[in-house]
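A quick write-up on the structure given underneath.
Any read-out appearing in this document is the output of simple, stated calculations on the displayed coordinates, not a laboratory observation. Please read all numbers here as calculations on a predicted model, not as lab measurements. Note that each Cβ is placed from the backbone with ideal geometry, even for glycine, and that neighbours are counted across all protein chains shown.
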Amino acid sequence: MKNIIRVERAVLNISQAELAERVQVTRQTINAIELGKYVPSAALAMKIARVFGKKVEEVFELEDGD
Amino acid sequence: MKNNLLISHRWKTPGWVLTIPATLAGLYLLFIEEEFEHLCITVPGWLDTVLWIDGFFLKDTSPTLCLLDEMIAVSLLVGLLLLAFSKEKVEDEWIQRVRLESLQWAILLNAVLLLLFIVFVHGTPFFTVMTFNMFTPLLIFVGRFYYILHLKPLFSKN
């Protein structure tokens, strides 16, 4: 699953650690999601999208093979 | 994600305090094979059957029981259990996945190592293998879990 978390973070000018704090996970979790190494649960994906003021499908996108 | 088997983060420190000295003492005892006499007690003969000190067929009237190896093994097991089952400060879903992967690694690697040792180690040295094997699943789990969470990020650019 692809995502634009890094881009959206840049728009809001917040670090991985700040985003992690807002959605109550570790910085490593945000890093793993950004790198595409971990696909978050629906609940976490919704929390992240809410921080950016967007819908989940605007932040996360299915890839071929998902 | 709720995991009711996990205990408080505060148990990590006691876990390390038990595990590190017990590991060092265990390796020392395994290779030096020294007994500390002040930790040896003489138990009544009738207790031999209950505790199975010398086995059912080799009974002394008053066998000696040296407690050092038991103390080390209990400390190591309790320490490793505390490390394996205590929560991280923030226990999130990615950490839960690292836990699951580490458990899978531990079971798989332990089985592969055991298979190799069964094939290549025979006789009395196999007893040493079995001694290690009592602790390897937890050791591999704890090693892999803490490597991914705390050591790998130190070497990673991201």
Note to self: For the protein assembly as shown, what does the helix formula give at 222 nm: sum of -39500 (n - 2.57) over DSSP H segments with n ≥ 4, over the residue count, nearest 500 deg cm²/dmol?
What the structure shows: -18500 deg cm²/dmol
Checklist line | Theoretical gain in end-to-end length, B:CYS40 to B:LEU24 [0.36 nm per residue, Cα-Cα removed] | finding: 3.7 nm
Next item on the list: Calculate the mean, over all residues of peptide A:24-33, of how many other protein chain Cβ atoms lie within 10 angstrom of the residue's Cβ.
Entry: 5
Margin query: Just to be sure I understand the model, the point goes 7 Å from the Cα along the line to the Cβ. What's the resulting B:MET134 to B:ASP69 distance in nm?
Written below: 0.7 nm
Item checked: For residues of B:83-94, the mean tally of beta carbons on other chains within 10 Å -> 4
Check: What nm value, rounded to one decimal, do you get for the distance between B:PHE126 and A:ARG22 when each label is placed 7 Å out toward the C-beta?
Finding: 6.1 nm
Next item on the list: Could you list, in their original order, any pairs among A:LYS55/B:LYS87; B:LYS12/B:LYS152; A:LYS37/B:LYS152; A:LYS2/B:LYS89 whose Cα atoms are separated by more than 23 Å?
Entry: A:LYS55/B:LYS87; A:LYS2/B:LYS89
Item checked: Efficiency of FRET from Cβ geometry, A:LEU62 and A:ASN13, R₀ 35 Å, rounded to 0.05 -> 0.80
